[in-house]
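The values are calculated or read from the model by the stated rules, or taken from the named source; none is laboratory data. This is a predicted model, so every value here is computed, not measured. Note that each Cβ is placed from the backbone with ideal geometry, even for glycine, and that neighbours are counted across all protein chains shown.
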Amino acid sequence: MIFKLFLSEFDDIDISKRTKTYFPHRTKTSFEYYFGKDTKMELRNIQIEVDLTIEFQGYIGVFEGKNGKPNSFSIYQIYHPFLYYYNASKEKDLKGKIKEIICVYVVREKGSENDTLNLWTYTFDNPLDITTIKFIKSVAYRLVKVD
């Protein structure tokens, strides 16, 4: 799977061994976080959507996927799932078990001969501030159609 290959490039993660995969789901949750230094966001009982989550030995990859070539994307689409898992990592049962959360934005572009899968990874320097988004890396895979 391309996603496992992509994430396996991170230090000390051998994601090819028995990963846990969680497919698309929606959940309701509440958040408190900052938008910069001075603006506090308080969201109560909001619905968030997670397109895909892959977990291996405490490393979590949260995926947001799109088809086509979008002009832009909203950071909250990767931040809210990131914050969901960050908050979960503070709960008694999971404390110390989640080591790192990586957000992956995936865009599939259809072509007449081949499709392209573009992936960008991000994290947040301050998990409680959406403006601290940090780009990690990107890659593009050309998917060749086989008859």
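Among the residues of the stretch 69-78, count how many are in contact with a strand residue (DSSP E or B) (Cβ under 7 Å, 6 or more places away or on another chain) and under 21 Å from ILE54 (Cβ atoms).
4
Of the residues making up the stretch 33-60, those that are touching a residue at least 60 places away in the same chain (Cβ under 8 Å) and either touching a Leu at 6+ places or on another chain (Cβ under 9 Å) or assigned to a strand (DSSP E or B) (or both) are TYR33, TYR34, PHE35, MET41. Based on this model, can you work out whether LYS134 counts as surrounded by fewer than 12 Cβ atoms within 10 Å (Cβ to Cβ) and modelled with pLDDT of 95 or more? Yes. Take the conditions (1) at pLDDT below 85; (2) among the hydrophobic types (A, V, I, L, M, F, W, C); (3) in contact with a strand residue (DSSP E or B) (Cβ under 7 Å, 6 or more places away or on another chain); (4) assigned to a helix (DSSP H, G or I); ILE15 misses just one of them, which is (4). Working only within the stretch 122-136, note down all residues that are assigned to a strand (DSSP E or B) and touching a residue at least 24 places away in the same chain (Cβ under 8 Å). Scanning the stretch 122-136 gives TYR122, THR123, PHE124, ASP129, ILE133, ILE136.
Being at pLDDT 90 or above, surrounded by 10 or more Cβ atoms within 10 Å (Cβ to Cβ) and among the charged types (D, E, K, R) narrows it down to one of GLU91, GLU49, GLU32, GLU55, so name that one.
Numbers: GLU91 fails: at pLDDT 90 or above; GLU49 fails: at pLDDT 90 or above; GLU55 fails: at pLDDT 90 or above.
Answer to the check: GLU32.
Residue by residue, here is whether (1) over 12 Å from the mean Cα position of the chain (by Cα); (2) closer than 30 Å to LYS37 by Cα; (3) of a type in the set (Gly, Ala, Ser) holds:
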{"position": "ASN67", "(1), (2), (3)": "yes, no, no"}
{"position": "TYR79", "(1), (2), (3)": "no, yes, no"}
{"position": "ASN87", "(1), (2), (3)": "yes, yes, no"}
{"position": "ILE101", "(1), (2), (3)": "no, yes, no"}
{"position": "THR121", "(1), (2), (3)": "no, yes, no"}
{"position": "ASP125", "(1), (2), (3)": "yes, yes, no"}
{"position": "THR131", "(1), (2), (3)": "yes, yes, no"}
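Here is a yes/no grid of residues against (1) in contact (Cβ under 8 Å) with a residue 12 or more places away in the chain; (2) within 18 Å of the chain's Cα centre (by Cα); (3) within 22 Å of MET41 (Cβ to Cβ); (4) part of a loop (DSSP other than H, G, I, E, B):
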position: PHE73; (1), (2), (3), (4): yes, yes, yes, yes
position: GLU91; (1), (2), (3), (4): no, no, yes, yes
position: GLY96; (1), (2), (3), (4): no, no, no, yes
position: THR116; (1), (2), (3), (4): yes, no, no, no
